[in-house]
1. Filter segment 76-91 down to the residues that are part of a helix (DSSP H, G or I) and surrounded by fewer than 19 Cβ atoms within 10 Å (Cβ to Cβ) and list them by number.
2. Hey, can you tell me all the residues within segment 261-301 that are farther than 17 Å from ILE176 by Cβ and either outside the structural domain of THR332 (by TED's automatic domain parsing) or away from ligand 1 (no atom under 16 Å from the Cβ) (or both)?
3. Can you tell me which residue in segment 348-371 is nearest to ligand 1 (Cβ to nearest atom), limited to those that are of a type in the set (A, V, I, L, M, F, W, C) and surrounded by fewer than 20 Cβ atoms within 10 Å (Cβ to Cβ)?
4. Within segment 294-306, how many residues are surrounded by 15 or more Cβ atoms within 10 Å (Cβ to Cβ) and closer than 11 Å to THR332 by Cα?
5. In the set ASP172, ASP199, ASP179, which member is charged (D, E, K, R) and closer than 23 Å to GLY151 by Cα?
6. How about segment 141-237: which helices (runs of 4 or more DSSP H) wholly inside it have at least 1 residues that are more than 15 Å from ligand 2 (Cβ to nearest atom) and without any contact (Cβ under 8 Å) to a residue 40 or more places away in the chain?
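The values are calculated or read from the model by the stated rules, or taken from the named source; none is laboratory data. It should be emphasised that the depicted structure is a prediction, and the values quoted were computed from it without experimental measurement. FYI the Cβ positions are ideal-geometry reconstructions off the backbone, even for glycines, and counts take in every protein chain you see.
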Amino acid sequence: MTRITVASHSEDLATQMRRALSDNDGSVLVWPEDISATGVEASVQSLASERPDLVIIGPCPDVDTALLVAEQFDLTHPEISVLLVAEPNAATLERALHAGARGVIAPTDDDEDIRALVERATAAAQRRRVPPPPSGRPNNRVIPVLAAKGGSGKTTVATNLAVTLAKRYPGDVLIIDLDLQFGDVASAFGFEPTNTFADIAESREAINPTALKALLTPRQSEGLYVLAAPDSPAQADDLQPDFVRDVVSSIATEFPFVVIDTPAGIDEFTLEVLDVATDLVVLTSMDVPSVRAARKELAALELLGLGHVPSHLVLNRANAKVGLTIEDIEGTLGRPIDVKIPSNRQVPLSVNRGEPIALNDSKSATGRAFQKLAGLTAPIEPEDKSWMRRRRSE
Ligand SMILES: Nc1ncnc2c1ncn2[C@@H]1O[C@H](COP(=O)(O)OP(=O)(O)OP(=O)(O)O)[C@@H](O)[C@H]1O
Ligand SMILES: [Mg+2]
């Protein structure tokens, strides 16, 4: 069933949508508030609360605000598509697509044009909707960050994704450093861990979530918990894959979001943990070896039976000028890139400071890329349904 919300005063537009979609088994709601008066974030929160597949905004006297709403949806609710109703000149269309909208409906479009646009936009939304976790698994998101090649940015992406999720859900996020030999998650947060995987193994306590939680490092400044890698490769050598799997799946029951940094490729520890993954973040960068390796990695994940687990394809250093285009990469990988993280000098600087860049930066293209990734991995929370209740009681 397709759920469409028309954000407009215009009952005419709603009537036209209902007529155009009369063959479709769906619902069309009208949200009659004034977006400019309500404000961008409040409007998006209110509109998203009904979990529509598609929001149609317009006709827009204030195109700039409508574009900001489209952009905010793209960042925080990528599983909801947006169409604008506006004069479809090239400039508006380009700005709309750039803001993450799926297209522009012209006031003169007939029912067939509208149907085609709506179908494309709702199909895109449904592809992006994160399914509920399969039964039998903890009702939490376990998100390994993978890359076939070392140095692709796994630690950068894992730490910044964790920080971004923790801004939205303070205290609900755990980051695990599964790069057991040379992991540097603790260093990315600027601390020396007192407890690591090795200490958990040495404590010889039975593995249970409460005992494990006491061995994590709480990070007040970022609002999350860290399970750090051992201090030395020798200590890592003593760990067994099934022990690590049991620790991860036990502690994962305590946290709604568990982000896992991994070493390059799929080692025996990552392989165990993939069993409990609910989402995969797969990284590539803009060079031919990295893209080829990513293609092999996606094929390997498929062979491992993980084809059904939602995966989010991230292109790191996306603006590097190295003769490859995004279209080349998408063609080779046979699927669209979900998130593009630009190359940014502030990233290594933030690592050296021990403060992931997303902690204080949600506005730059880099900060926004991490917000988009967080939106893909965090299912939307129905929050304020007051406008619906109001409408229904009218
Ligand atoms: N978008 C970016 N812009 C600029 N520098 C970046 C970006 N992403 C990562 N880097 C830098 O690239 C280097 C490698 O990144 P990172 O440590 O995250 O990669 P990794 O995949 O975890 O590496 P390893 O395989 O060694 O664990 C770091 O110095 C990091 O600061
Ligand atoms: Mg790393």
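1. ALA90, ALA91
2. Correct list: VAL288, ARG292, ARG295, LYS296, LEU298, ALA299, ALA300, LEU301.
3. VAL351
4. Matching residues across segment 294-306 total 2.
5. ASP179
6. 197-203, 209-213, 233-237
To keep it simple, each residue is scored yes or no on (1) part of a strand (DSSP E or B); (2) in contact (Cβ under 8 Å) with a residue 60 or more places away in the chain; (3) under 28 Å from GLU94 (Cβ atoms).
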| residue | (1), (2), (3) |
| --- | --- |
| THR5 | yes, no, yes |
| HIS9 | no, no, yes |
| SER22 | no, no, no |
| ALA37 | no, no, yes |
| GLU41 | no, no, yes |
| CYS60 | no, no, yes |
| LEU68 | no, no, yes |
| GLU71 | no, no, yes |
